[in-house]
1. Taking segment 397-425 only, how many residues are assigned to a helix (DSSP H, G or I) and in contact (Cβ under 8 Å) with a residue 60 or more places away in the chain?
2. Scan Ala147, Ala208, Ala191 and give me the residue that is near the ligand (Cβ under 10 Å from one of its atoms) and either of a type outside the set (Lys, Arg) or in a loop (DSSP other than H, G, I, E, B) (or both).
3. So, Leu174, is that one at pLDDT 95 or above, in contact with a strand residue (DSSP E or B) (Cβ under 7 Å, 6 or more places away or on another chain) and either within 12 Å of the ligand (Cβ to nearest atom) or within 20 Å of Ile322 (Cα to Cα) (or both) or not?
4. Test of understanding: among Ser516, Ser459, Ser483, Ser476, which residue is within 21 Å of Thr541 (Cα to Cα) and more than 16 Å from the ligand (Cβ to nearest atom)?
5. Looking at this structure, is Tyr96 farther than 30 Å from Asp149 by Cα, surrounded by fewer than 20 Cβ atoms within 10 Å (Cβ to Cβ) and of a type in the set (Ser, Thr, Tyr)?
6. Considering only residues that are under 23 Å from Arg2 (Cα atoms) and among the aliphatic types (A, V, I, L, M), which ones fall in segment 24-77?
7. As an exercise: evaluate Val14 against (1) out of contact with any Phe, Trp or Tyr (no Cβ under 8 Å at 6 or more places or on another chain); (2) more than 15 Å from the ligand (Cβ to nearest atom) and give the number of the one condition it does not meet.
8. Considering only segment 188-200, I want to know if a residue exists there that is under 22 Å from the mean Cα position of the chain (by Cα), surrounded by fewer than 24 Cβ atoms within 10 Å (Cβ to Cβ), over 28 Å from Ala117 (Cβ atoms) and not acidic (Asp, Glu).
Amino acid sequence: MRASLQLSMAGLNVAVLTKVFPTRSHTVAAQGGIGASLGNMSEDNWHYHFFDTVKGSDWLGDQDAIEFMCREAPKVVYELEHFGMPFDRNPDGTIYQRPFGGHTANYGEKPVQRACAAADRTGHALLHTLYQQNVKARTNFFVEWMALDLIRDAEGDVVGVTALEMETGEVYILEAKTVLLATGGAGRIFAASTNAFINTGDGLGMAARASIPLEDMEFWQFHPTGVAGAGVLLTEGCRGEGAILRNANGERFMERYAPTLKDLAPRDFVSRSMDQEIKEGRGCGPNKDYVLLDMTHLGAETIMKRLPSVFEIGHNFANVDITKEPIPVVPTIHYQMGGIPTNVYGQVVVPKNGAPNDIVNGLYAVGECSCVSVHGANRLGTNSLLDLVVFGRAAGNHIVDYNLKNKSHKPLPKDAADQTLARLARLDTAVNGEYSQDVANDIRRTMQAHAGVFRTQASMDEGVKKILEVTERVKSIGLQDKSKVFNTARVEALEVENLIEAAKATMISAAARKESRGAHAHNDFPNRDDANWIKHSLFYTEGNRLDYKPVNMKPLTVESIPPKVRTF
Ligand SMILES: Cc1cc2nc3c(=O)[nH]c(=O)nc-3n(C[C@H](O)[C@H](O)[C@H](O)COP(=O)(O)OP(=O)(O)OC[C@H]3O[C@@H](n4cnc5c(N)ncnc54)[C@H](O)[C@@H]3O)c2cc1C
């Protein structure tokens, strides 16, 4: 929506297709905040933010993209403020900012207050603000339309998409001079996930089926504080406001793992520490399988002002009054660092003739479905909402500069809808086809068991075998109910074809990376291997082939931050 706004304001004719009403996108669930070095409440500048993000990424992030994002951050946040986004305020009227994991002042010295927040409903506020601005700018929304496949012509240029109108079950071709994917993450490839049910990685599936590689898919973020058993997220903003993780002995164990940042160390670090505590028998509860997040010392007033949704979640999903007792939490899958490879203008890039980043004409990707790559091997909290608006705006500007109004549509290839029609026909004609959600559950079980917080070679190799078996089963999914009007079974079956692409890319890229970096913790290779593995993975679904490309260690204007041991 940040990109479409830019386009509509420039007078272009924009169609936004969305599976759900725009304000129900997963962004609505973002709680904690959006990162920008405004320095409203403690000394800060973009250099610190840049340093934290490079270090947070475990040196797999591209430093040009990271510099671009951190420098743009204050600008886009003030712009949101002027669009009417209802941020919390300080007494002097400036935007309220809270501390967040891995965000520091003076290059790691102490936590900084950088997360601009609207209570614990920042994503909700952001999404509604952008929707309203789009309505004002007369963007056309196609609500409950599911994009199915990209259309590429003989030269490889993208000239449109095929899509299913869910209400009628009709399939359409939408011809477009430019297509931008902002389809979000694929968090639903895991069984325990903080993600919405619609996060099935559709853009990844569309790209993969159009021969575009997926980048760095082995890196999945576990959020330390999912409600045990339910998976629902408790924002890192809780720890930003002062919440503490405790083990069965009541000990604040993060002091041992990260003496400086403690509970506010980055997520990969905290998740592994929690897993370690549980493994060593200091977990809580009858099965010793979770730890506790303690907010009782914050006081009811702060909780109700800064974390009202967390209070409700505690009540509804754990039957806990967080003002009075600690709440059980476990690391839960949260965010995909990898995605469709792009440059800082959101243009999709692929290796071609020896060049690692050749532009795919007519195709852009922004947000969680993309890999630009600012998050590298581990994302810092609040950097995703930032990534959406910074690169959404940049992509919008880039498309506007392209002067599309004066360009004509490229001709549609004759076979434009063939791939899509073949997929739909397969579902409709399958005899004794398997139920899509049985297959989806096996994808989730496999990923949960073989691509978890800690990984071993044997387990990942077995995971690859299993996921390839499931891939074969995806081909034999069928529909019992073949009716057209609002047939959600058809939508779900089509989603499984996207889930499998994300899962396969993850499992195969993970089994190949023989080191530990960021969220990829490999027990057989416990150290980071900078000599061999400072490189991005690229997975092609055809032939299940892997390729690699270099990480850009050169920022735009400042000096490169060389790899160091990561301590906090
Ligand atoms: C619970 C939770 C809390 C979070 N908190 C924070 C936070 O505090 N700060 C932060 O920086 N990050 C946070 N994140 C991460 C961040 O919210 C997400 O990465 C980000 O919102 C993703 O935005 P997006 O626009 O890429 O995708 P989404 O918001 O997921 O939107 C995807 C859109 O694409 C549409 N779509 C998908 N497939 C299709 C298709 N086939 N056809 C048509 N439309 C399609 C959907 O309908 C939807 O509108 C959080 C994530 C979660 C899950």
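The values are calculated or read from the model by the stated rules, or taken from the named source; none is laboratory data. Predicted model, so just to flag it, every value in this text is computed and none were measured. Methodologically, a virtual Cβ is constructed for each residue, glycine included, from the backbone with ideal geometry; neighbour enumeration extends over all protein chains shown.
1. Here is the first cut: in segment 397-425, the residues assigned to a helix (DSSP H, G or I) are 397-401, 404-406, 418-425.
Those left that are additionally in contact (Cβ under 8 Å) with a residue 60 or more places away in the chain: 397, 399-400, 404-405, 419-421, 423-424.
The number of residues fulfilling the criteria is 10.
2. On the way: Ala208 fails: near the ligand (Cβ under 10 Å from one of its atoms); Ala191 fails: near the ligand (Cβ under 10 Å from one of its atoms).
The unique qualifying residue is Ala147.
3. Values: at pLDDT 95 or above: yes; in contact with a strand residue (DSSP E or B) (Cβ under 7 Å, 6 or more places away or on another chain): yes; either within 12 Å of the ligand (Cβ to nearest atom) or within 20 Å of Ile322 (Cα to Cα) (or both): yes.
Yes.
4. Details: Ser516 fails: within 21 Å of Thr541 (Cα to Cα); Ser459 fails: within 21 Å of Thr541 (Cα to Cα); Ser483 fails: within 21 Å of Thr541 (Cα to Cα).
Residue meeting the stated conditions: Ser476.
5. Details: farther than 30 Å from Asp149 by Cα: yes; surrounded by fewer than 20 Cβ atoms within 10 Å (Cβ to Cβ): yes; of a type in the set (Ser, Thr, Tyr): yes.
Criteria met by Tyr96.
6. Selection gives Val28, Ala29, Ala30, Ile34, Ala36, Leu38, Ala65, Ile66, Met69, Ala73, Val76, Val77.
7. (2)
8. Yes: segment 188-200 contains one or more residues that are under 22 Å from the mean Cα position of the chain (by Cα), surrounded by fewer than 24 Cβ atoms within 10 Å (Cβ to Cβ), over 28 Å from Ala117 (Cβ atoms) and not acidic (Asp, Glu).
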